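Notes follow the structure.
The values are calculated or read from the model by the stated rules, or taken from the named source; none is laboratory data. From a predicted model like this one, the values you see are computed outputs, not experimental measurements. Cβ sites come from the backbone with ideal geometry, for glycine too, and all protein chains shown count toward neighbours. Accessible surface is based on the protein model in full, side chains and every heavy atom, while ligands, DNA and RNA are left aside. Shrake-Rupley method; radii C 1.70, N 1.55, O 1.52, S 1.80 Å.
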Amino acid sequence: QDSGAVSFDPLGMWRNMGWSARAVVIVLFGMSVLSIAVMVERWMRYSAAKNQSRIFAPKVAGALKQGRLDEAIKVAEVNKKSHLAKVVSAGLGEFQAHQGSSEVSTDEIEASQRAVARAQAIEHAELKRGLGSLATIGATAPFVGLFGTVLGIIHAFASMSAEKTTGLTAVAGGISEALVTTAIGLFVAIPAVWAYNYFAGKIEAFDIEMDNSGSELIDYFLKQSGRAA
């Protein structure tokens, strides 16, 4: 039997790997599963936020034009996954708490503005949840693969020394380990980096929308306080 023969199909390369290289592949597989899970979860979260915001925005605008704060708050509560609804709901709740008074003071407007700012910060943090994992995987997966490459080269020279032979056959197994782990590391890292940049762009757009909605809501409060005065 030719112990130096190496099969270059996936199963054959797996069988030819040392346990250290297999451990690297398992780690990379775990990173890939985590990366895919984050991508799917964040895509679903952002899609829900976008779709519910499209429903929420015209409804709450109509309710506010008619001065029906209770209805606007109910619309926000129904669309809980909308990033705009969370910001507007916080501001409306704070403003409504002072509706019993005959006049809305500047301090009360500022309190509503702070409530909007807090809601924006909380929602921004929630939208970013999981992206740190994608960034970490994208940055470290190539190095994990490189670590496997080093182990593969070590295995190749160890095989050469043990068999007292030279040439491609003696190092084929170790070189295959090196190539496989390097390729898997890049395969895991590249989609993670792409997804991170894509989602970061989504969050930036959501932040702009929340800023605009918060500003428009505060303008509405100022107009209401002016009418009350």
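Note on residue 196: accessible area approximately 80 square angstrom, rounded to 10, probe 1.4 Å, nucleic acids and ligands left out.
Extension gain, residue 23 to residue 41, is 3.8 nm, computed as 0.36 nm per intervening residue step minus the present C-alpha separation.
Here residue 202 sits with roughly 60 square angstrom of accessible surface, probe radius 1.4 Å.
Working ranking of peptides 25-37, 81-93, 180-192 by packing, defined as the average number of other Cβ atoms within 10 Å per residue, highest first, is 81-93, 180-192, 25-37. Solvent-accessible surface (1.4 Å probe) assigned to residue 43 amounts to roughly 150 Å².
Applying 1/(1 + (r/R0)^6) with R0 = 22 Å to the Cβ-Cβ distance of residue 96 and residue 61 gives a FRET efficiency near 0.80.
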